[in-house]
Amino acid sequence: MLKVLFFARIREELDCPGLELPWDPAVADLDALQKQLAGAHGQRWREVLGRDNTIRAVNQTVITGNSPLRDGDEVAFFPPVTGG
Amino acid sequence: MLKVLFFARIREELDCPGLELPWDPAVADLDALQKQLAGAHGQRWREVLGRDNTIRAVNQTVITGNSPLRDGDEVAFFPPVTGG
Amino acid sequence: MAEPALSPRLAVSVQEADFDVAALQQQLLAGAREEGAVATFTGYVRAAGARQAVATMELEYYPGMTERSIEGILQEAAGRWPLLAASVVHRVGRLRAGDRIVWVGVASAHRAAAFSACEFLMDYLKDRAPFWKKEIGPDGPHWVEARSEDNARAARWKDPAG
Amino acid sequence: MAEPALSPRLAVSVQEADFDVAALQQQLLAGAREEGAVATFTGYVRAAGARQAVATMELEYYPGMTERSIEGILQEAAGRWPLLAASVVHRVGRLRAGDRIVWVGVASAHRAAAFSACEFLMDYLKDRAPFWKKEIGPDGPHWVEARSEDNARAARWKDPAG
C-alpha cells in the first residue's frame with residue numbers, strides 16, 4: 001500500500017487531498033508513481049501532475065530526483081513552499 | 001558660569017556629582033578647565049582627572065580633542081561607557 | 001498541532017490559535033539562569049498581498065512533515081550557535097490582515113548569536129518549511145508563488161562563513 | 001525618565017521601572033497598518049559578571065544626554081532602513097541578576113530591515129550610549145570596564161556596506 005497526499009494548489013486542482021493505492025511492484029519508484037497517477041485519472045490530473053515545479057516527498061522528506069518506493073511509504077506532491 | 005558634571009567611577013572617586021564655577025575668561029577651553037579642576041582640589045582630583053581615558057562632553061555632546069567653552073556651558077567628565 | 005519531543009529547550013508548535021508574545025518569551029526563559037539575550041521575531045499578515053489587497057488568507061501545512069522540518073531547522077541553529085533555548089510558533093488556517101502569524105524566539109548568553117540564529121530560523125522558515133499561502137482579496141483567492149528572494153536569503157547561510 | 005519628542009514612531013525611555021514586553025510590542029504597533037515584521041531584543045542582567053558572580057548591579061546614566069544619544073541612534077537607524085517604528089527602553093538604577101534591563105523593538109514591512117536595525121541599535125547602545133555599570137558581588141562593588149568587543153561590533157556598521 002502507498003499513501004499518497006496532495007497539498008495546496010495541487011490538492012485544490014485535483015480536488016483530492018490524497019488516496020491509498022495497493023502496492024504494485026511495477027510502480028516502485030517516484031517517477032513511475034507520478035506517471036501512473038497522471039495517466040489514470042483523466043486530463044486534469046495529467047496537466048497538474050505534469051508540471052515541472054512539483055515537489056515530491058517520501059516519508060516526509062523532500063526528494064530531489066527519482067527515488068525507489070517501498071510498500072507502506074507515504075508520498076506527497078506539493079508546489080514550492082511559500083512560508084508564512 | 002560653567003556647570004560641571006562627573007559620572008560613574010569619576011563621580012565616586014571625587015565624591016562629587018558636579019559643581020558650578022563662575023565664568024573665568026582664562027578658563028575658556030576644555031583642556032584649561034580640566035587642568036584647573038585637577039590642580040585646585042588636591043592630590044585625589046589631580047590623579048582622577050589626569051587619566052587618559054576620561055571622556056568629555058560639552059552641552060551633552062562628546063568632544064574629541066579640545067574645544068572652546070562659553071559662559072553657560074554644561075561640561076561633563078566620565079569614563080568610557082559600558083552599556084546595559 | 002502537537003509539540004514534538006525535542007531537546008528540552010527547543011520547541012515547535014504549529015497551531016490555528018493565536019499566541020501571546022509575552023507568554024512565549026516567558027516560556028523561552030523558563031528554568032534559565034544564564035540568559036543575557038533574547039531576540040524575537042513576530043510576523044504579521046500584511047494588508048498588501050503579493051497581488052492584491054488581502055482581507056484574509058489561508059495557510060496550509062503538511063501535518064507531521066512541517067513540524068519535523070522546523071525541528072530540523074532548530075537543531076541546525078543549535079549546532080551553529082551557542083543557544084540556550086529556541087522556539088518557533090507558526091499559525092495555520094484562516095488569518096486576517098494584521099494577525100500574528102509566526103513567532104521565533106532565541107535565548108543565548110551572547111546577543112550576536114541570538115540575533116543570527118533568530119534571523120537564520122526566519123529565513124529557513126520562509127524558504128524550506130512546508131507552508132502554502134492562499135490570499136483572498138477583492139479579486140478572489142489565489143495561491144502565492146514562491147519568491148526567489150526568500151531562496152536567496154536562505155542560501156546566504158549555506159556559506160560556512162555566514 | 002522622560003519620553004523625548006521625536007518623530008511619532010520613534011520612542012526612547014530611560015527608566016527605573018521594569019517593563020512589559022507585550023505592552024511594548026503593542027505600543028510599537030499602535031496605529032500601524034503595514035507591519036509585516038517586528039524584531040525585538042531583550043537584555044537580561046547576567047548572574048555571571050565581568051569579574052565575579054553578581055547579585056546586583058547599579059546602572060548610572062547622564063539624564064538628558066543619554067536620551068539624546070539614543071534618539072540620535074534611532075534617527076540614524078531610521079535613515080538607514082525603511083522602518084515603520086522603533087523603540088528603546090533602558091532601565092537604570094539597581095538591578096538584580098535575571099532582571100530585564102533593555103528592550104529594543106523595530107517594526108518594518110521587511111524582515112531583513114527589522115533584524116538589521118534591531119541589531120544595529122543594540123550594538124550602538126552597548127558602545128555609545130552613556131550608561132555605566134557597577135557590579136556588586138561577593139568581592140564588593142566594582143565598575144565594569146569598557147570591552148573592546150563592543151567597540152568592534154559597533155564599528156562594523158561604519159562601513160557603508162554594513
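Since every read-out is calculated from the coordinates, none of them should be taken as a lab result. Small disclaimer: the values here were computed from a predicted structure and weren't measured. Neighbour counts are summed over all protein chains in view; Cβ atoms, including those assigned to glycine, are modelled from backbone coordinates with ideal geometry.
At D:Ala112, label 7 Å along Cα→Cβ: distances to the other copies, nm, ascending?
D:Ala112 label point versus its equivalents elsewhere: 2.1 nm.
Please find the FRET efficiency linking A:Ala38 to D:Glu76, where r is the Cβ-Cβ separation and R0 is fixed at 60 Å, and quote it to the nearest 0.05.
Plugging the Cβ-Cβ distance into 1/(1 + (r/R0)^6) gives 0.60.
May I ask you to list the lysines whose Cα is less than 19 Å away from that of B:Lys3, ignoring any residue fewer than eight positions away on the same chain?
Correct list for B:Lys3: B:Lys35.
Put the label 7 Å from Cα along Cα→Cβ for D:Pro141; what are its distances to the other copies, in nanometres, shortest first?
6.5
Could you bin all the Cα-Cα distances of the protein assembly as shown into 20 Å bins starting at 0 and give me the percent of pairs in each, rounded to whole numbers?
21, 44, 23, 9, 2, 0
Got the C:Thr56 label distances to the other copies yet, label 7 Å along Cα→Cβ, in nm, shortest first?
5.4
Could you grab the Rg to Rh ratio for region C:83-153? Cα atoms only, Kirkwood for Rh.
1.05
Roughly what would the spin-label model give for B:Ser67 and B:Arg51, points 7 Å off Cα along C-beta, in nm?
2.0 nm
Name the chain D residue nearest the rotation axis between D and C, going by Cβ position, and give the distance in whole Å.
Per the Cβ-to-axis criterion, the result reads D:Ala22, 2.
In debye, nearest 20: dipole of region D:9-156 around its Cα centre with unit charges on the Cβ of K, R (+) and D, E (-)?
Once rounded to the nearest 20, the dipole reads 180 debye.
Based on the Cβ-Cβ distance of D:Arg96 and A:Leu19, what FRET efficiency does E = 1/(1 + (r/R0)^6) give at R0 = 51 Å, to the nearest 0.05?
That gives a FRET efficiency of 0.25.
Quickly rank B:35-44, B:67-76, A:5-14 as a protection proxy: mean count of other C-beta atoms within 10 Å, highest first.
Answer by packing, highest mean first, reads A:5-14, B:67-76, B:35-44.
Order of D:124-134, D:71-81, C:80-90, C:136-146 by packing, highest average Cβ count within 10 Å first?
D:124-134, C:80-90, D:71-81, C:136-146
Taking H placed 1.01 Å from N in the peptide plane, check which residues at least 5 places from B:Asn59 or on another chain put their amide H under 5 Å from its amide H.
Those lying under 5 Å, H to H, from B:Asn59 are B:Glu74, B:Val75, B:Ala76.
Summarise the partner chain shielding of A:72-82 as one whole number: the mean count of Cβ atoms from other chains within 10 Å of each residue's Cβ.
Across A:72-82, the average partner-chain Cβ count within 10 Å equals 5.
Taking every residue in C:89-95, how many Cβ atoms of other protein chains lie within 10 Å of its Cβ, on average?
Partner-chain Cβ atoms within 10 Å, mean over residues of C:89-95: 1.
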